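S.K.: Pasting a structure below so you can have a look.
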Amino acid sequence: MSKLRKINQDNLREHNLSVVMSTLLSSAVPLSRADIAKSTGLTKAAMSLLSDILLKNEVIRQLKPSTESTYGRPSTPLQFNPRRWAGIGLQINTDGYGYTVLDLAGGAVRTEWISEPLIEVTPEEIFEKLDRMVRPVERDMKQMGYTLCGAGLALPGLVEGNKRLLIAKNLGWTNVDLTQFGVVRRLDAKADNEANLAAQAQISGYAAHSISDEMPLDSSSSFIYISTDIGIGGAFVRDGQVIFGDHDFGGELGHVSVDWRGPKCPCGRHGCLEMYAGRRALVEAAGIATGEEAAKTDSINRLLDAWREGEPKAVLAIDQGLSAMVSVLSSAVNILDIDTIVLGGFWSRFDDALAHLLERRIQSQVLGRESMRIRVLMPTVADHPSLAGAAATGLRQLIDHPLRFLTV
Ligand SMILES: [Zn+2]
C-alpha cells in the first residue's frame, strides 16, 4: 500500500512539474509563483516546492523582484534558464541533411545544414555522415553543461512507430529500420514525418519558450500545414495537437489527386498534387530544367526569378500549381473544418500577393464560405522548420517526463 501511495505521489509531482513548465512556456512574459499558482490552481505551498525543484535543477531562474505587483508585495518573476537543457533535431531531406540544437529558453544553440540533392544515396551513407556531424556536437554540449533531453528525426516519408521509415519515394528508400543506425540508437531519436514536425515548430511554446507577438499559432490553435518541396506533405493540427492518424500516416496532402487522368505520381496514383505543385514538377513544367537537374535547389531559384520577370511558361506553371493547391486545400478545409492554412516550404517564398490570391480562391471554393474566413499564413518558423520541430520533440521529453531528468 505504501509503495502504491509513493508511486501516486511521484505521478502527481511529475504531473504538477509538467503543468508549471507548460504554464511558463505558454506565457509571453516571465511569471511569478503567485501568477502560476493562480492560473494552475496549485496551492502556494505546492508551488513553492515545485519552483524549488525547478530552480535547483536549473530549469528556471529568478529575475530581479519587481516592485509592481497585483498583490501589493514585490514578486519574483521566474524564467527558463537558457543554457542548461536542450533537445536536438536531425533531418534528412531531398535537399540535404543537418541538425539543430534548441534550448528551453528558445535559443538555437547550434545548427548546421549541408545542402546537396540526395538522389541515389543509400540510407547507410547518409546516416553515417549525420553521425559524424553530430558526434562532436554531443560532446561539446556536454562540456558546455547542457543535458540533451531527447532527439527528433525528420524524414520525408511515412514513418511507422517512430523507428521505421516505411517509404520515402523521393529519396528512393523503402522499409528502413532506423534503429540500425548508431546515431538513432545513441540519441534514441524519435523519427517522424517532416511535415508533422514542421507543423509542430509553428506552435508557440510547444517545448521551447518562443512566444512572441509574431507567432499567431499557440497550443489552442487548429491549422492545416502544407509542406512543399519535391514531394508535398502536410499535417493537421487540432487544438495545438498534431493529428497523426491511426498509423501515423495522416496529412498526406501531396497525394490527393486533382485529376485521375493526370500524370502518374511515384506513389502509383494519377494527378497527385505534387505532380503539379511540387518543386521538381514546377521546374519541369516551366521548362527550366529536367531530370536530376530539375531536383536541384538552384533550379527553383531560377523558376522564381523567371516567374517574377513574368516569363510566360513560368507564370503558366505556377498558375497550374496554384490551381492544384487551391483544389486540394479547399477539399482539406471541407473535410476537416479548419480555417487556417500555413504555407510551408518553397511555396512560402512567393510573395504575399500570391498567398492572398490563394486565400481568396480557397475562400471561394469551400462549402461553408458564407460563415468562415480562410486564412493563409506564412510560417513563423520558415527556415528548416522540420529541424526545429524535431529538436522541440526532443526537448518536450523534459516537459512530459520531468522526473526522468530532474533531481527532487
Ligand atoms: Zn501521389
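S.K.: Helices (runs of 4 or more DSSP H) wholly in segment 306-408 with at least 1 residues that are within 13 Å of residue 224 (Cβ to Cβ) and either modelled with pLDDT under 95 or under 23 Å from the mean Cα position of the chain (by Cα) (or both) - which ones?
M.R.: So the answer is 312-336, 352-365.
S.K.: Need pairs with beta-carbon distance below 8 Å; first residue under 15 Å from residue 96 (Cβ atoms) and within segment 124-139, second in a helix (DSSP H, G or I); sequence gap 6+ or separate chains.
M.R.: Between residues of segment 124-139 that are under 15 Å from residue 96 (Cβ atoms) and residues that are in a helix (DSSP H, G or I), the close pairs are 127/182; 127/183; 127/184; 130/183; 134/183; 134/187.
S.K.: Of 56, 44, which residue is of a type in the set (D, E, K, R), without any contact (Cβ under 8 Å) to a residue 12 or more places away in the chain and out of contact with any His (no Cβ under 8 Å at 6 or more places or on another chain)?
M.R.: Only one candidate qualifies: 44.
S.K.: Out of 180, 91, report the one residue that is closer than 16 Å to residue 386 by Cα and either in contact with a helix residue (DSSP H, G or I) (Cβ under 6 Å, 6 or more places away or on another chain) or outside the structural domain of residue 345 (by TED's automatic domain parsing) (or both).
M.R.: 91
S.K.: How do the pairs read when you match residues in segment 249-263 that are free of Cβ contacts under 8 Å to residues at least 40 places away in the same chain and more than 11 Å from residue 327 (Cβ to Cβ) with residues anywhere that are assigned to a helix (DSSP H, G or I) and within 12 Å of the ligand (Cβ to nearest atom), using Cβ under 6 Å and keeping only pairs 6 or more apart or on different chains?
M.R.: Correct list of pairs: 254/274; 263/275.
S.K.: Residues being part of a loop (DSSP other than H, G, I, E, B) and within 13 Å of the ligand (Cβ to nearest atom): count how many of those fall in segment 261-274. Step through it out loud before you land on a result.
M.R.: Here is the first cut: in segment 261-274, the residues part of a loop (DSSP other than H, G, I, E, B) are 261-263, 265-269, 271, 273.
Still in the running and within 13 Å of the ligand (Cβ to nearest atom): 262-263, 265-269, 271, 273.
Number satisfying all stated conditions: 9.
S.K.: Quick check on my filter: what residues within segment 338-354 are hydroxyl-bearing (Ser, Thr, Tyr) and touching a Lys or Arg at 6+ places or on another chain (Cβ under 7 Å)?
M.R.: Within segment 338-354, the subset hydroxyl-bearing (Ser, Thr, Tyr) is 340, 348.
Within segment 338-354, just 340 meets the criteria.
S.K.: Something else now. For segment 275-290, indicate whether the set of residues that are touching a Phe, Trp or Tyr at 6+ places or on another chain (Cβ under 7 Å), of a type outside the set (S, T, N, Q), within 11 Å of the ligand (Cβ to nearest atom) and not in a helix (DSSP H, G or I) is non-empty.
M.R.: Checked against the condition, which is being touching a Phe, Trp or Tyr at 6+ places or on another chain (Cβ under 7 Å), of a type outside the set (S, T, N, Q), within 11 Å of the ligand (Cβ to nearest atom) and not in a helix (DSSP H, G or I), segment 275-290 yields no hits at all.
S.K.: Conditions first: (1) touching a residue at least 60 places away in the same chain (Cβ under 8 Å); (2) within 17 Å of residue 63 (Cα to Cα). Residue 18 passes all but one, so which condition is the exception?
M.R.: That leaves (2) as the condition not met.
S.K.: Still on this model: Right, residue 117: outside any strand (DSSP E or B) and farther than 30 Å from residue 169 by Cα or not?
M.R.: Taking the combined requirement at face value, the residue does not satisfy it.
S.K.: Being crowded, with 19+ Cβ neighbours inside 10 Å, under 20 Å from the mean Cα position of the chain (by Cα) and either assigned to a loop (DSSP other than H, G, I, E, B) or within 16 Å of the ligand (Cβ to nearest atom) (or both) is true for just one of 254, 250. Which residue is that?
M.R.: 254
S.K.: Conditions: (1) surrounded by fewer than 16 Cβ atoms within 10 Å (Cβ to Cβ); (2) under 22 Å from residue 14 (Cβ atoms). Residue 36 meets all but one. Number of the miss?
M.R.: Of the numbered conditions (1) surrounded by fewer than 16 Cβ atoms within 10 Å (Cβ to Cβ); (2) under 22 Å from residue 14 (Cβ atoms), the odd one out for residue 36 is (1).
S.K.: Based on this model, can you work out whether residue 218 counts as away from the ligand (no atom under 16 Å from the Cβ), out of contact with any Lys or Arg (no Cβ under 7 Å at 6 or more places or on another chain) and not assigned by TED's automatic domain parsing to the domain that holds residue 283?
M.R.: yes
S.K.: Something else: Identify, from the list 207, 191, 168, the residue that is under 19 Å from residue 26 (Cα atoms) and buried (at least 23 other Cβ atoms within 10 Å of the Cβ).
M.R.: Answer to the check: 207.
The values are calculated or read from the model by the stated rules, or taken from the named source; none is laboratory data. Treat the numbers as computed from the prediction; the structure is a model and nothing was measured. Reconstructed Cβ throughout: ideal geometry from the backbone, glycine too, with neighbour counts over all protein chains shown.
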